[in-house]
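Derivation of every value follows stated rules applied to the coordinates shown; laboratory data play no part. Everything quoted here is computed from the prediction, not taken from an experiment. Neighbour counts run over all protein chains shown; Cβ positions are idealised from the backbone, glycine included.
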Amino acid sequence: MSAKDSDTLEKALFEAEIAEELKGRLEREHNELLQELRSLIPGANVLLGFLLAVSFTTEFADLDRTDRYVYFATLVSTAAAIVLFMAPAAHHRLRFREGDKDHILRKGNREAIAGSVASSLAFTGVLFLVTERIFGTPEAVVVSVAFFAFTAWRWWSFALLRTLRDERRRARGA
């Protein structure tokens, strides 16, 4: 698809979104958010269960001070991710039928993004701990930094770059 075709498609989608009835759009966006969260929550729950189970093993006592701090930060990041991923549903339940859907969506979007940051930190922490046990600290640092960079690239960079590009286009067109 050429850049011109892509721009035409984006413009048509934008115009269709504007034409969509507000209530219908808010309902659709809310359903999309909840579907996305439904795919994220199980992974965070499994990771939290794994981290809790590990703390009751005999090998856990062998962790040095650095590993304990990384473990604890990973545990807290995982728990925070779960809270952030579940918050939109809890908020929606408390504000159900209060005409607050736009606020719920904006808040839920921020929480989903923050939850993805917490998840990326948790995944990075787990990878550090496993790599450190297998190869040592220098290798664990390299692998963890590389993994976090990979996660940032795949999860956030494309969207952020598109946002910057769109803002530049709007600034030139204004």
Taking the Cα centre of the chain as the origin and placing charges on Cβ (Lys, Arg +1; Asp, Glu -1), which of 70, 31, 150 is farthest toward the positive end of the dipole? 31
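So what is the 222 nm mean residue ellipticity for the chain from helices alone, if each DSSP H run of at least 4 adds -39500 (n - 2.57) and you divide by all residues, rounding to the nearest 500 deg cm²/dmol?
Working: 6 runs with 146 residues, N = 174.
Calculated from helices alone, the mean residue ellipticity at 222 nm is -29500 deg cm²/dmol.
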Against the globular-protein guess of 2.2 N^0.38 Å, express the Cα radius of gyration of the range 91-174 as a ratio, rounded to two decimals. 1.59
In the set (i) -0.22, -0.63, -0.75, -1.59; (ii) -0.37, -0.83, -0.90, -1.23; (iii) -0.22, -0.60, -0.70, -1.29, which value of log10 I(q)/I(0) by the Debye sum over Cα atoms at q = 0.08, 0.13, 0.14, 0.19 Å⁻¹ was calculated from the structure you see? (ii)
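For Cα pairs less than 8 Å apart in space and 6+ apart in sequence, what is the mean separation divided by the residue count of the range 41-173, i.e. the relative contact order in percent?
Details: 89 pairs, mean separation 30.9, N = 133.
The normalised contact order for the range 41-173 reaches 23 percent.
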Rg/Rh of the range 30-114 (Cα atoms, Kirkwood Rh), to two decimals, equals 1.14
What residue among 36, 15, 27 has the largest mean-square fluctuation in a Gaussian network model of the chain, using Cα springs under 10 Å? 15
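Treating only the Cβ atoms of Lys and Arg (+1) and Asp and Glu (-1) as charged, compute the dipole magnitude of the range 41-173 about its Cα centre; round to the nearest 20 debye.
Working: 17 positive and 12 negative charges, 217 e Å.
That gives the range 41-173 a dipole magnitude of about 1040 debye.
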